[in-house]
Each structure stands twice: as structure tokens, then as C-alpha cells.
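Structure, as C-alpha cells:
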Amino acid sequence: MPEKITKQLKALENKSAAEHAMRFFKTGPGQYGEGDLFLGIKVPVLRKLAKEHRDITLNDAVELLQSPFHEIRLLALLVLVLQYERGENKTTIYSAYLANAHRINNWDLVDVTAAQIVGAHLFERNRQPLYKLAKSKSLWERRIAIIATFYFIRRNQFADTLAIADLLLTDKQDLMHKAAGWMLREVGKRDLKVEEDFLLPRYKQMPRTMLRYAIERFPEPTRLAYLNGTKDYTA
């Protein structure tokens, strides 16, 4: 089955789109996606194909996840999300996801799966695995940690997002600054006071990109006060 699916996706290759994707996802030497290969298949097409292949075995999905092609890995992950949401073998899927985190190696692969699998699985369980991921040397495991909390945010639970964002304040990777800022913004969309209570003691020291993402939807005077370093508890 993996060979058949791989052949199916390779038949959809669009070299021009693939070249664009390789630039967009930073696959050059020294970049975060170095060496990744693309077929140039659009995400809606992959989502449709994932539904067609949602009944493949977990072993087949994991085998597809080893592919050098980005879109084949994405398809495998979308299948895992569908299978997890169906409610079968949830713990096995969660464990396989984390065991193969090194293959979930670009921001889009994380962003469409981490909340749906890791966040969903830990929602009613001990959330300590997120903190281990947040301290990982792997950029992608750290991103999984913060994006997984989106599942909690959507259910108005913010504590883990704030705690992990706090751990990531000194992260060196801009992709992590964007992810943490995005999650803080999502907290603020639901409870602005909670977000500002987090930002006010920290915003002057936090990475600029993280701050910009976090305050993106603030009223312009408030946003500028943060950016100019003049925001305080009364301003």
C-alpha cells in the first residue's frame, strides 16, 4: 500500500510548484528545512487523498512518514489525524507520532497535526510530556509542544500555553518565536486580560517577533505602546 500511494502522489508532481515550495519552506543549505524534497502538490488535494486512504494500517502510515518527499509525509500525518479522531488506537497513534517526531520536520507538518493528536491526547492526561518536548534540542519537538496547546486554548485552558511560552522566551529560533506569539495571540482572542497579564512583565525582554505576533490584533495605540516599550499596567 505505501508503494501504491507513493506512486499515486508522484504522478501528481508539479515541478514548478515544487521549486516554489522548496524556496518557501527554506530547504537551502543551513536553513531549517535543509534538504527537504517537494512534489508540488497542494494541501487541499492531500486532504482529499488522506480521506481516501484513511483506512491504511498504522504501520503503512508510519512507513509513508519516512518518505523524503514533504507531501507524502504530510499525507501520512493527515491520515493519522483522521484515524485519531475516529477514536481507534489513540494511544498507539500518539506514541507513533512522537516516536517519529524527527520526520515531522517542518512547521506546516507540525501545525496541522500537533494539536489534533498530541494536544487532544494529553487534554485529560498528565501534560508533563509537553514540557519535555519544550526543552528538547529539536526545533520541531519544541514547536510540537507549543502548538499542541492550541487544543487546550480552544477549550479555554491557557495555563500550559503560558508556561511553555515562558520557557520559550529565550529560544534562539525565529520559528519558535512565531509559534509562541501565535499561541499567545490565540489566548488573547479568548481572554485579553490573561494575555496582557503574561505580556506586561515580559514584553520588553521577549523576542521581537514573538511580541509582534502576540499583539497583532491589538488596537493600534496599544500595539504601538508595546512596540515602543511604553506599555504599563495603567497605559
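The values are calculated or read from the model by the stated rules, or taken from the named source; none is laboratory data. Keep in mind the model is a prediction, meaning the values are calculated, not measured. We place every Cβ from the backbone using ideal geometry, glycine too, and count neighbours over all the protein chains shown. Just the protein is used for accessible areas: all its heavy atoms, side chains included, with ligands, DNA and RNA removed. Shrake-Rupley method; radii C 1.70, N 1.55, O 1.52, S 1.80 Å.
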Applying 1/(1 + (r/R0)^6) with R0 = 25 Å to the Cβ-Cβ distance of E19 and H102, what FRET efficiency is obtained, to the nearest 0.05? 0.50
Report, by chain and number, residues whose modeled amide H sits under 5 Å from the one on L37, excluding near sequence neighbours (fewer than 5 apart, same chain). H70
Which of [x] 19.8, 58; [y] 18.9, 62; [z] 27.2, 104 is the computed Rg and Dmax of the Cα atoms in Å? It is [y]
Rounded to the nearest 10 Å², the 1.4 Å probe accessible area of Y213 is 70 Å²
Taking R0 as 41 Å, what's the FRET efficiency between L227 and K10 from their Cβ-Cβ distance, rounded to 0.05? 0.30
Neighbourhood net charge (12 Å Cβ-Cβ; Lys/Arg +1, Asp/Glu -1) for M206: +2
Taking a ≥ b ≥ c as the square roots of the Cα gyration tensor eigenvalues, with a/c under 1.5 meaning rounded and otherwise prolate when a/b beats b/c, else oblate, which class fits segment 101-226? prolate
Rounded, prolate or oblate for segment 76-173? Axes are the square roots of the Cα gyration tensor eigenvalues, ordered a ≥ b ≥ c, and the cut-off for rounded is a/c under 1.5. oblate
Calculate how steeply helix 174-190 sits against the longest principal axis of the alpha-carbon atoms of the chain, using the helix alpha-carbon long axis, and give the answer as 0 to 90 degrees to the nearest 10. 70 degrees
Over 20 Å (Cα to Cα) - which of K42/K90; K135/K172; K135/K178; K7/K42 fall in this group: K42/K90
The chain: calculated mean residue ellipticity at 222 nm from DSSP helix runs of at least 4, using -39500 (n - 2.57): -17000 deg cm²/dmol
Going by the alpha-carbon gyration tensor, a ≥ b ≥ c the square roots of its eigenvalues, is segment 162-235 rounded (a/c under 1.5) or, if a/c is not under 1.5, prolate (a/b greater than b/c) versus oblate? prolate
Counting only heavy atoms of the protein chains, get the accessible area per residue of the chain (1.4 Å probe) and round it to a whole Å² value. 50 Å²
